[in-house]
Amino acid sequence: MATTLHNLSIKQQALALLGFIGLCYLVSAVGAAASINGKEFYALLQQPSWAPPGWLFGPVWLTLYTMMAIAGWLIWRQQNLPARRSSLILFLFHLLPNALWSWLFFAWQLGAASFVNIVVLWLLILIVIVRFASISKLAALLLLPYLCWVSFATMLNLWLWQNNPSLL
């Protein structure tokens, strides 16, 4: 794993990290905008016994978005690797279904579409992890909790969709 950090100033690295954090938090804000009434809607849904309380989602996602930003930044820092650019493009692309899910589930209450979307998101996260692992093991490891949470969220999405046909 070759790195050319000597070509990057501390200021450039700090600004890039802030850029990645800003981007990931922007995606979070787009999802949060769709979830403005999410707490009320979530409370209306019949829940499985293993469903987390609604208040848990915010702190978990904040942590995951922060870890995602750091992972993307770690890949960005690998200036001389050919796989870096395509891996970062894939990382950026995967943020689209991430932001879209809240709109499909909470705003538009489309159970089937939100489930298909989250499955696509899960697959993209897995591909990003594999791509990142070839560049930075740490970046890939930082995304594993995200994959685990989205795995759990996928099962929850399926259960909620199947058990709340009048609402989703």
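The values are calculated or read from the model by the stated rules, or taken from the named source; none is laboratory data. All of these numbers come straight from a predicted model, not from anything done at the bench. Don't worry about glycine lacking a Cβ; one is built from the backbone with ideal geometry, like all the others, and counts go over all protein chains shown.
Overview of values
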quantity	calculated
Any hit, the range 96-116, residues being surrounded by fewer than 17 Cβ atoms within 10 Å (Cβ to Cβ), touching a helix residue (DSSP H, G or I) at 6+ places or on another chain (Cβ under 9 Å), more than 30 Å from Ser9 (Cα to Cα) and aromatic (Phe, Trp, Tyr)	yes
Qualifying residues in the range 73-83 (those that are assigned to a helix (DSSP H, G or I) and surrounded by fewer than 17 Cβ atoms within 10 Å (Cβ to Cβ)) - the one modelled with the highest pLDDT	Ala83
Scope the range 53-72; condition touching a residue at least 60 places away in the same chain (Cβ under 8 Å) and either among the polar types (S, T, N, Q) or not in a helix (DSSP H, G or I) (or both); matching residues	Thr63
Candidates Ser28, Ser86, Ser49 - the one that is in contact (Cβ under 8 Å) with a residue 40 or more places away in the chain and either part of a helix (DSSP H, G or I) or surrounded by fewer than 18 Cβ atoms within 10 Å (Cβ to Cβ) (or both)	Ser86
Residue in the range 107-118 that is closer than 18 Å to Leu143 by Cα, touching a Ser or Thr at 6+ places or on another chain (Cβ under 7 Å) and not in a helix (DSSP H, G or I) present	no
